[in-house]
Amino acid sequence: MLIVLVTLLVLLSGGCGSSPPEANQDAAKDRSAVPAPQTPDDRGVVVAFGDSLTAGLGVARGSSYPDFLQQEIDRRNLPFRVINEGVSGDTTDMGLARLPAVIARGPDFVVVEFGGNDGLRALPLDRMKENLGQIVRQLQESGAVVILAGMQLPPNYGPAYTGEFQSAYVQLAQEMDVPFVRFLLEGVGGNPALMQEDGIHPTAEGCKRVAQNVFAVLGPLLAEAEHTRLREGL
């Protein structure tokens, strides 16, 4: 009789006081599935808007020029995050079509890098300039500060076309009074050590240099914006 009572007590305590191993595991999974609360990112927004030179075609993830630009911004303790809006193969027509999505991100600064594919395809330069002008204008109307990045073409396209191509950026920067990176690939283009085998896209090391070219113009603007924010107590 005593053995029977002990057995009943063990069975009852096991059924009421503890859960099966499977239930405990499920509960643990449920607890671990709850996402941790995230701190809102209140940094300013810099959008790198362009084609494959911005997207980082041919380099490892995290090695595009916008990635290195973010590293430089972080190194200077400037409260801005860089969003890469580069799409390989884009012409200025395609960039203009993507513009609403970029504006929807609410950027404070936008680095506009387009035109290389227009030039390589020998598309009409007046249309390229018109498209770039519309991109710059609409971004400015949205409240963003625009930095225009200039490009150059290989000499085999002929002096007339290459000269007109390069001048289009200079003229647009002057007409629209925007900060200007005269040549995005300055110190990189034509350097085999910094360019991929296609001779068009920079290597990871080349992208570091491109980021420096952009930061030379963008950096002072970011520092000024942060100084103004601190002075006004925003």
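The values are calculated or read from the model by the stated rules, or taken from the named source; none is laboratory data. Worth saying up front: this structure is predicted, and the values here are computed from it rather than measured. All Cβ positions, even for glycine, are placed from backbone atoms using ideal geometry, and neighbour counts span all protein chains on display.
Which residue out of Gly133, Gly143, Gly106, Gly150 is small (Gly, Ala, Ser), modelled with pLDDT of 95 or more and surrounded by 19 or more Cβ atoms within 10 Å (Cβ to Cβ)?
Gly150
So which of Gln25, Gln38 ends up being modelled with pLDDT under 95, surrounded by fewer than 17 Cβ atoms within 10 Å (Cβ to Cβ) and assigned to a loop (DSSP other than H, G, I, E, B)?
Selected residue: Gln38, the only one of Gln25, Gln38 that is modelled with pLDDT under 95, surrounded by fewer than 17 Cβ atoms within 10 Å (Cβ to Cβ) and assigned to a loop (DSSP other than H, G, I, E, B).
Out of Leu78, Leu9, I need the residue that is modelled with pLDDT under 95 and either assigned to a loop (DSSP other than H, G, I, E, B) or more than 18 Å from Ala149 (Cα to Cα) (or both). Which one?
Leu9
Conditions (1) part of a helix (DSSP H, G or I); (2) surrounded by 19 or more Cβ atoms within 10 Å (Cβ to Cβ); (3) in contact with a helix residue (DSSP H, G or I) (Cβ under 6 Å, 6 or more places away or on another chain), marked per residue:
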position: Glu175; (1), (2), (3): yes, no, no
position: Ala193; (1), (2), (3): no, no, no
position: Glu197; (1), (2), (3): no, no, no
position: Asn213; (1), (2), (3): yes, yes, no
position: Leu218; (1), (2), (3): yes, yes, no
position: Ala225; (1), (2), (3): yes, no, no
position: Arg229; (1), (2), (3): yes, no, no
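Pro79 is checked against (1) surrounded by fewer than 22 Cβ atoms within 10 Å (Cβ to Cβ); (2) within 20 Å of Phe183 (Cα to Cα) and fails just one. What number does that condition carry?
(2)
Which of the following residues is assigned to a strand (DSSP E or B) and of a type in the set (A, V, I, L, M, F, W, C): Ile83, Ile73?
Ile83
Does the stretch 157-168 contain at least one residue that is of a type in the set (Gly, Ala, Ser), part of a loop (DSSP other than H, G, I, E, B) and within 23 Å of the chain's Cα centre (by Cα)?
Scanning the stretch 157-168 turns up no residue that is of a type in the set (Gly, Ala, Ser), part of a loop (DSSP other than H, G, I, E, B) and within 23 Å of the chain's Cα centre (by Cα).
Contact list please: Cβ distance under 9 Å, first residue in the stretch 216-234 and touching a residue at least 40 places away in the same chain (Cβ under 8 Å), second residue hydrophobic (A, V, I, L, M, F, W, C) and assigned to a loop (DSSP other than H, G, I, E, B), pairs at least six apart or on different chains.
Gly219/Leu78; Leu222/Leu78; Ala223/Leu78; Ala225/Leu78; Glu226/Leu78
On the given criteria, is Pro100 surrounded by 11 or more Cβ atoms within 10 Å (Cβ to Cβ) and either at pLDDT 95 or above or over 22 Å from Gly143 (Cα atoms) (or both)?
no
Name the residue, out of Gly187, Gly133, that is in a loop (DSSP other than H, G, I, E, B), among the small types (Gly, Ala, Ser) and free of Cβ contacts under 8 Å to residues at least 60 places away in the same chain.
Residue meeting the stated conditions: Gly187.
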